[in-house]
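Working notes for the structure below.
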Amino acid sequence: MTMLLPTALVTGGSRGIGKAIAHTLAREGFQVYLTYVSKPQEAEAVAEAIVSAGGAARAFCLNVGDAAAVADFFANEIKGKVELSVLVNNAGITKDGFLVRMKDDDFDAVIGINLRGAFVTLREAAKIMTKQRHGSIINISSVVGQMGNACQVNYSAAKAGLLGITKSAAKELAGRNITVNAVAPGFIETDMTAGLPDDVKKSYEEAIPMKRMGTASDVAEAVAFLASEKARYITGQVLAVNGGMYC
Ligand code: NAP
């Protein structure tokens, strides 16, 4: 029987938190499949850097907002080809705005990618992990899903919804030796937060007991723990990586 390579699938692995997760899981010995939607060069560069460092990685274009594309990806690239040890549902977008002015399209887009996209990816992964009888799924939620944030009703709804998915999927899949957990980062320095006005960033930093924004690596190390054997009896949990903000 051919041994399939233990693989970690990281959605949105081209930049920011996903890129750090891809590097960290490669360091831990997983082959990493990372996906992107708009930045092929960045994604290929992450895969090449992992391979240059002696690891295994491939980059794939995959819009998690397109359920049919997600199903095709699992059928063509995952099923029977690799052992799917880890799924990190990391892909996400923001479309912030005042509640009273928020357009339906901006609400639907954020729910469609951050919540529905994570659900369809988790569903396809669960079909495969159920047959394998093992796997770790980590959903990247947010402090904003736990405590809310002005001008982010769409994003906070998606990230809070992801916590519900995490807890329900954990109960459903526990009997198959599959863990499902969420990591809830606080405010992390990435492209997603780079555009925030300085006064907003300053107000966030003041609200963080550790008085600094987090790094992508801070989040990636928490994900690596939940993906490891050390976390084999932890499921349905939310690990906050937020510098001490109480939620
Ligand atoms: P980022 O730097 O903006 O990167 C977003 C990633 O998601 C990119 O790899 C992007 O791919 C990918 N992506 C976007 N839309 C996608 C789609 N439709 N299908 C597949 N991939 C898609 O964001 P980040 O700050 O690293 O955030 C990563 C995750 O952490 C998100 O879920 C975010 O909500 C969450 N989070 C972030 C913070 C923070 O403060 N930064 C805090 C809490 C939670 P391309 O490069 O190809 O565009």
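Any of Lys19/Lys131; Lys19/Lys95; Lys171/Lys230; Lys79/Lys167; Lys103/Lys159; Lys19/Lys81 with alpha carbons more than 27 Å apart? Name them for me.
With Cα atoms farther than 27 Å apart: Lys19/Lys131.
Would you be so kind as to identify which of Ala160, Leu196, Ile178 lies farthest towards the positive end of the dipole of the chain, taking Lys and Arg as +1 and Asp and Glu as -1 on Cβ and the Cα centre as origin?
Ile178
Take the chain, connect every pair of alpha-carbon atoms lying under 10 Å apart with a spring to form a Gaussian network, then pick out the residue of Val144, Val82, Val32 with the largest mean-square fluctuation.
The residue with the greatest mean-square fluctuation here is Val82.
Per residue of segment 25-40, what does 6.51 cos²θ - 1.76 cosθ + 1.60 with θ = phi - 60° give for ³J(HN,Hα)? Whole Hz please, x for Gly and Pro, Karplus curve as stated.
After applying 6.51 cos²θ - 1.76 cosθ + 1.60, I find 5, 5, 4, 7, x, 7, 5, 10, 9, 10, 10, 9, 10, 10, 10, x Hz.
Magnitude of the Cβ-charge dipole of the chain, K/R +1 and D/E -1, about the Cα centre, nearest 20 debye?
Result for the chain is approximately 760 debye, rounded to the nearest 20.
In a shell of Cβ-Cβ distance under 15 Å around Asn63, excluding Asn63 itself, what net charge do Lys and Arg (+1) and Asp and Glu (-1) give?
-3
For the chain, set up a GNM with springs between Cα atoms under 10 Å and report which of Thr193, Thr166, Thr235 has the largest fluctuation.
Thr193
Over all distinct Cα pairs, what is the inverse of the mean 1/r for segment 1-154, reported as the Kirkwood hydrodynamic radius in Å?
After inverting the pairwise mean of 1/r, the radius is 16.1 Å.
Return, ordered by residue number, the residues of segment 102-123 whose backbone nitrogen is under 19 Å from a label point located 7 Å along Cα→Cβ of Ala150.
Under 19 Å, as judged by backbone N against the label point of Ala150, lie 102-103 of segment 102-123.
What is the local net charge at Lys127, summed over the other residues whose Cβ is closer than 13 Å to its Cβ (Lys, Arg +1; Asp, Glu -1)?
+3
Hey, got a sec? Which chymotrypsin sites (Phe, Trp or Tyr not before Pro) in segment 65-111 land in a DSSP loop and have at most 12 other Cβ atoms within 10 Å?
Phe98
Can you tell me how much longer the chain between Lys211 and Asn76 gets when fully stretched, taken as 0.36 nm per residue apart minus their C-alpha distance, in nm with one decimal?
Value of the extension gain: 44.0 nm.
Can you give the net charge of the other residues whose Cβ lies under 12 Å from the Cβ of Asn139, counting K and R as +1 and D and E as -1?
+2
FYI, it's all coordinate maths here, none of it is from the lab. Computed from a predicted model, the values in this text were never measured in an experiment. FYI the Cβ positions are ideal-geometry reconstructions off the backbone, even for glycines, and counts take in every protein chain you see.
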